[in-house]
Every structure is written in C-alpha cells, then in structure tokens.
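Below is one structure, written out as structure tokens, with a few remarks after it.
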Amino acid sequence: MSDFFSGGIPGIDELFRSIFSGGGFGGIGDIFGGGFGGFGGRSRQTQPRREVGQDIELKISLSFEEAMFGLKRDVTVQRYVPCDTCEGTGAEDKSSIATCSDCNGSGRERKMTRSGFGTIIRETECSNCGGRGEIIMKKCKACKGRKVVEETKTIKGVNIPGGVEDGVHLKMQGAGHVPSSNAIPGDLYLQIRVKEDPNFIRRRNDLYTKADIDIVTAILGGKITVPTLDHKSKVIKEKELEIPAGTQFATEFRIKNHGVPYMRGKGHGDQYVIANIIMPDKLSSEQKELLEKFRELSKK
Ligand SMILES: [Zn+2]
Ligand SMILES: [Zn+2]
C-alpha cells in the first residue's frame, strides 16, 4: 500500500480519493451498449435501484517537477448528460410514449422452464421494451431517442497535490456520465502519469540521486552541487553539498527534508545522494609524475 492510498488527504478528501489502478472503466463509446447498469441481474428485486452513471478515466501527464510540487490544472471531460430537449425521455413529445403491452410497463418478463428439479421461473428484462417498460413511437431529434447528449465540460483548477505517484487515480465524485436526471452520476478518475527524471529515483517519499565526484574531491574532500527539490520556491535547484575527505564509492549522503512531500500530514521524505567516484582515464605526464610520487610516499 502506498502512502497515498492508505489514508485521507487533508483538505481535498471530499473531492479526491485515491484508488489503485485496475477495474473496468467504460469508455464514452460503451455507454449505449446494453443498458446503463443498475437494472437487471438481480431478479428478486421489486424496486428498481437507482441508475448509476458510468465512470470516466482520463490520463493526466505530469512532469516530475509538477508531480513533486503539485499544481492546479483545468480538466476537460466528454460525458453524457440527460437530453434537455426531451427532458431525458428520448421521445419527441409525451404522446409518442406508449406503455409496453408485453410487460404492462413493468419492464420485466417471466419465463418458465422445466428441468429435473421442477419448474423454474426466471424473471428477466422484457425483450420488447428492453426493460424500460415503455415504447417510444417517435424519437427525440436532439438525442435520437438515446435520452442523453454529449457534453464537453471543463473543470477549472483541479488540485493535483504534490507528491502524487505515477499510476494512481484521483477520483472526482460525480464528474462522470449522467444517464438520467435521477441517476447517481458516475465518477471521473484522473489517472496520473509522471514522467521520469534522469536525476531522481523515487522510493516512497525518498529520492535517490547519483552524484559524480572526481577522485581528488573524493580523497581530499570538497564541494559538489546536486539537483534537489526546493520546497520553498517549488522548483528543482542545484544545492551545494560538502564532501568529506576519504569519501568511498557508493557512500550515501542524506539531505533531510528534500524528498517527496507526504500526501497526508506535513513534511517531506529525504534525499539520498550516492557517491559515484569517477576514475580519470587520461592523465598528463605531469599528473602521472605526481601520482608516481604519491605512490612512493604511500610506501613509506
Ligand atoms: Zn416491456
Ligand atoms: Zn432528447
């Protein structure tokens, strides 16, 4: 479980709830196929449950820096909403709606089958009206009888919190498809994709950075600069780092609180700088001479 998933996010709990990937999301193209879900399936139910709109999934690509510091972004979604022209009936006018004669408007039909166990009565969706209980004689021109129309909706300034991980979904309740005026709207899931950054590897809330250190700095000590998250100015900045004399290959230096922001609570993880000591592959004759002298001195 990631930190992001295991608890609430302060301030944005109502709007967002993170979930893990997986589970089916119906695309816009799916919505007309085979009913909206919510009816059918459970045969003993006498009262139809409230219709539930389909969810929408939208990919949001972020740079590493955007994911670290968070941002507000306008999100445009295409969804279905009840047709205004026919008030979601799908019919041109009221007189063009007739009660289904097969099921008397119940939308259900009973089928009896005989088997070794006796007679089995199965209740299914009425095949004449498709479970709607009514037949539309003249379809609404605006929605072609579909009861819904496509809407392009822009949600301004969606808050994407700093520290979001690649692959998580931010849930926006009720921003999905709306199949009818009394239906429960579906939800919108923003799937976060975070581009990799060559300077940082993320492990939970810590960051790892490889720093090339020349051999003399490693031996004698000195200063290097490393890219690091500056949480005050919300940018990635070069930061000076003191290297002690005698630094070995793969030594880790911790820069406290320069890691990834915690999704809940305050503070950040740490950054670890891993020493990558670079051996010189070319030496001048003078450098060679000095190193020979160094070898002589080391023998004593
Ligand atoms: Zn019927
Ligand atoms: Zn219509």
Practice task
Exactly one condition in (1) over 30 Å from LYS59 (Cβ atoms); (2) surrounded by fewer than 18 Cβ atoms within 10 Å (Cβ to Cβ) is not met by PHE253; state its number.
Solution key: (2)
Problem - Single unsatisfied condition, LYS138 versus (1) modelled with pLDDT of 95 or more; (2) touching a helix residue (DSSP H, G or I) at 6+ places or on another chain (Cβ under 7 Å); (3) basic (Lys, Arg) - result: (1)
Problem - Evaluation of GLN78 against (1) more than 30 Å from SER61 (Cβ to Cβ); (2) touching a helix residue (DSSP H, G or I) at 6+ places or on another chain (Cβ under 9 Å); (3) open to solvent by 80 Å² or more (accessible area, probe 1.4 Å) (one fails), failing number - result: (1)
Completion exercise
Picking from ILE224, ILE236, ILE278, ILE201, the residue that is without any contact (Cβ under 8 Å) to a residue 60 or more places away in the chain and open to solvent by 40 Å² or more (accessible area, probe 1.4 Å) would be ILE201
Exercise for the section: Answer yes or no: is there a residue in the stretch 48-71 that is within 16 Å of ligand 1 (Cβ to nearest atom) and not hydroxyl-bearing (Ser, Thr, Tyr). Expected result: yes
Exercise for the section: Just one of (1) surrounded by 12 or more Cβ atoms within 10 Å (Cβ to Cβ); (2) at pLDDT 95 or above; (3) in contact with a strand residue (DSSP E or B) (Cβ under 6 Å, 6 or more places away or on another chain); (4) farther than 24 Å from PHE69 by Cβ trips up ILE219, so point out which. Expected result: (3)
Fill in the blank from the handout: Only unsatisfied item for LEU229, checking (1) open to solvent by 40 Å² or more (accessible area, probe 1.4 Å); (2) touching a His at 6+ places or on another chain (Cβ under 6 Å); (3) of a type in the set (A, V, I, L, M, F, W, C), is (1)
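Right, ARG79: in a strand (DSSP E or B) and over 19 Å from SER181 (Cβ atoms) or not?
On the way: in a strand (DSSP E or B): yes; over 19 Å from SER181 (Cβ atoms): no.
It is false that ARG79 is in a strand (DSSP E or B) and over 19 Å from SER181 (Cβ atoms).
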Practice task
Return yes or no: is SER95 of a type in the set (Gly, Ala, Ser), out of contact with any strand residue (DSSP E or B) (no Cβ under 8 Å at 6 or more places or on another chain) and at pLDDT 50 or above?
Solution key: yes
Practice task
Among the strands (runs of 3 or more DSSP E) lying completely within the stretch 84-173, list those that include at least 2 residues that are open to solvent by less than 90 Å² (accessible area, probe 1.4 Å) and away from ligand 1 (no atom under 16 Å from the Cβ).
Solution key: 108-115, 118-125, 148-161, 169-172
Practice task
Report, by residue number, each residue of the stretch 59-72 that is in a strand (DSSP E or B) and loosely packed, with under 15 Cβ neighbours inside 10 Å.
Solution key: LYS59, SER61, LYS72
Practice task
Tell me, yes or no, whether the stretch 133-141 has at least one residue that is of a type in the set (Asp, Glu), away from ligand 2 (no atom under 13 Å from the Cβ) and outside the structural domain of ASP55 (by TED's automatic domain parsing).
Solution key: yes
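The values are calculated or read from the model by the stated rules, or taken from the named source; none is laboratory data. In this text the structure is predicted, and so the values were computed from the model without any measurement. Cβ coordinates were reconstructed from backbone atoms using ideal geometry, including for glycine residues, and neighbour counts include every protein chain displayed. The area values use the complete protein model at the heavy-atom level, side chains included, leaving out ligands, DNA and RNA. Shrake-Rupley method; radii C 1.70, N 1.55, O 1.52, S 1.80 Å.
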